[in-house]
Amino acid sequence: MTLRKRILITAPDFFSRSAGLAAFLLLWEIAPRIGWVRSTYLSPPSVVLRALYLLAARGELAKHFLVSLERVLIGLAVSVAAGCVLGLFTGYFRKVEKSLDLLFQAFRQMSAFALFPVFILLFGLGELSKTIIIFWASLWPILLNTSTGVKNVDTILVRSAKTMGASRAYIFLRVILPAAAPEIFTGIRLGGSYCVMAVVAAEMIGANSGLGYLVIYSEETFNVPEMYGGIVSLAVLGIGLNYILKKIETSFTSWKHEIISGE
Amino acid sequence: MVKVQARQVERHFFVRNSLGKKERLGVLSGFDLDIYEGEFLSLVGPSGCGKTTFLNILAGLDDYDSGEILVDHKRLEKHSFDRGMVFQGYALFPWRTVRKNLEAGLEIRGLSPAERRRISRRYLELVGLLAFENHYPHQLSGGMRQRVAIARVLAYEPGLLLMDEPFAALDAQTREVLQIELLKIWEADKKTILFITHSIDEAILLSDRVAFMSSAPGRIQDIITIDLPRPRTEEIRNSAEFAGIRRRVSSLLRNDFLKNMSFGGYL
Ligand SMILES: Nc1ncnc2c1ncn2[C@@H]1O[C@H](COP(=O)(O)OP(=O)(O)OP(=O)(O)O)[C@@H](O)[C@H]1O
Ligand SMILES: [Mg+2]
């Protein structure tokens, strides 16, 4: 497909998809300008953009962004590792799963934000408690999705591998794991968005860097445009992370979408 | 040479009855069957009589409660490299291409990638799907998927092939084509096949012998030798011998039905 053709095909789609966002930005721009909302409390996007530009020029935007990104990635990495291992384990051994299910469901309902004071008491105000709140928020969706994914693997596939003489390890690694992969990735993407929510909370208490800190600090010093700048940056962080996770997911589950048009 | 000897095999399950109480359900009882090396044996019988149950036991997927099953004169083992099973639901790995599906059994046997590729391509050619080697199962029709599933077990050359109504989900035309293909493939290297079907015509067309099961107790009631000449072709369906055997089978089943009222369902 030529580039021109591709643009012609995707452009209308792009416009219709961003119509809602465009309308929202327009309303946001107009509302404070014509006095529907006091512009001291709601800065229009043009002003926010300028504030972001100034933050970036001072090098602060990148600094806060990268600090938050690092926290999110560390927290997510730990919960992906722990969630997948525990999820595979509980999904595979039904008996274990049965006795742990109630506990896990309870943990999942236990808000990471409500537990934050506990983490601070136990682990102090440093990076550790921040990592743990992010870890806690994202662990449960990953663990439970992985476990469900393993439980839902079509038994006929396992049986067919067995009749071929497959070992337990082969069945686990080459049948159950790929069969459960789509659900595992759904959990990881869910976990990713929880990480971004949790990092804000973590940075609003006892931090001196990160986008969450930027938001709360700007609010305290009444720098309203920068506050909105921080909020927008957090949205960008969330969307970007989700986009990358989605890319990784499709690279692993491409067989689902593949359309072959001959060699 | 006897490939499989089943002696007085018993299998029961515990199921909940309509009152919610656990009840013993005897499925196989006094089940005797010999399957000879290199023969094509079909197993026919009313729905629920225990055909799949016996096949699963032979496949090492299920246990039996008593009796004895010997394969190659040795006790049946749950794990074996010598068996292949074709399921009605194809059971292809959806994340693997057609060729990678064929290579699964070879991978399990530790063959090198080059060898796997060579063998899988040979069998794809045999079932006429070489052009589709890089497709995924969901991109194929039902008939093509079942061809892949058959090629997948043929590729690792098991001595005992188990097929549980492999063509039941296909339309009549595709089914007839695959029957003839299976005949050709099997007549070329005569592996032992145990084939479950509900179609008397299919059983007659393919088999050396057809075993008829009764239900409750699930056991072999009759065995008929099909002495149609081989190699068999498409035309044999319309031959006088075929019609003759069909008549013999029908009257036999009718007699069985009168003797044993629970034996019915496919006449
Ligand atoms: N795991 C199980 N637990 C309880 N009952 C079972 C189990 N497996 C099979 N049965 C019962 O055993 C009986 C025989 O089942 P089986 O699947 O072997 O029948 P079949 O001859 O293959 O029938 P069909 O021709 O319909 O496929 C049925 O009544 C079935 O409900
Ligand atoms: Mg069955």
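Taking the condition more than 16 Å from ligand 1 (Cβ to nearest atom), part of a strand (DSSP E or B) and at pLDDT 95 or above, does residue B:193 pass? Yes, satisfied.
Could you grab me the full set of residues in the stretch A:158-207 that are of a type in the set (S, T, N, Q), within 14 Å of another protein chain (Cβ to nearest Cβ) and assigned to a helix (DSSP H, G or I)? Hits for the stretch A:158-207 are A:160, A:163.
Yes or no, residue by residue, for (1) under 10 Å from the mean Cα position of the chain (by Cα); (2) surrounded by 19 or more Cβ atoms within 10 Å (Cβ to Cβ); (3) not small (Gly, Ala, Ser):
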position	(1), (2), (3)
B:168	no, no, no
B:171	no, no, yes
B:189	no, no, yes
B:193	yes, yes, yes
B:196	yes, yes, yes
B:199	no, no, no
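Within the stretch B:124-143, how many residues are in contact (Cβ under 8 Å) with a residue 24 or more places away in the chain, out of contact with any Asp or Glu (no Cβ under 8 Å at 6 or more places or on another chain) and within 14 Å of chain A (Cβ to nearest Cβ)? Here the count works out to 7. For the stretch A:213-262, the set of residues classified as of a type outside the set (A, V, I, L, M), open to solvent by 60 Å² or more (accessible area, probe 1.4 Å) and either in contact with a helix residue (DSSP H, G or I) (Cβ under 8 Å, 6 or more places away or on another chain) or over 21 Å from residue A:40 (Cα atoms) (or both) consists of A:219, A:242, A:243, A:246, A:247, A:251, A:252, A:256, A:257, A:258, A:261, listed by residue number.
Condition check for residue B:94 on (1) free of Cβ contacts under 8 Å to residues at least 12 places away in the same chain; (2) within 13 Å of chain A (Cβ to nearest Cβ); (3) at negative phi: one failure, at (1).
Quick one: is residue B:89 at pLDDT below 95 and open to solvent by 50 Å² or more (accessible area, probe 1.4 Å)? Spelling it out, it is not the case that residue B:89 is at pLDDT below 95 and open to solvent by 50 Å² or more (accessible area, probe 1.4 Å).
Of B:38, B:48, B:30, all but one fail to be within 16 Å of ligand 2 (Cβ to nearest atom), more than 14 Å from chain A (Cβ to nearest Cβ), farther than 14 Å from residue B:163 by Cα and surrounded by fewer than 22 Cβ atoms within 10 Å (Cβ to Cβ); the exception is B:48. Checking the structure you have, find out if any residue of the stretch B:60-72 is β-branched (Val, Ile, Thr), out of contact with any strand residue (DSSP E or B) (no Cβ under 9 Å at 6 or more places or on another chain) and more than 8 Å from chain A (Cβ to nearest Cβ). No, there is no match, as no residue in the stretch B:60-72 is β-branched (Val, Ile, Thr), out of contact with any strand residue (DSSP E or B) (no Cβ under 9 Å at 6 or more places or on another chain) and more than 8 Å from chain A (Cβ to nearest Cβ).
Exactly one residue among B:102, B:140, B:61, B:129 is within 16 Å of ligand 2 (Cβ to nearest atom), out of contact with any Pro (no Cβ under 8 Å at 6 or more places or on another chain) and among the hydrophobic types (A, V, I, L, M, F, W, C), and that residue is B:61. When residue B:73 is tested against the conditions (1) free of Cβ contacts under 8 Å to residues at least 40 places away in the same chain; (2) not assigned by TED's automatic domain parsing to the domain that holds residue B:132, the lone failure is (1).
The values are calculated or read from the model by the stated rules, or taken from the named source; none is laboratory data. Quick caveat: nothing in here was measured; it's all calculated off a predicted structure. Methodologically, a virtual Cβ is constructed for each residue, glycine included, from the backbone with ideal geometry; neighbour enumeration extends over all protein chains shown. Remember, those area values only see protein heavy atoms, side chains included, never the ligands or the DNA or RNA. Shrake-Rupley method; radii C 1.70, N 1.55, O 1.52, S 1.80 Å.
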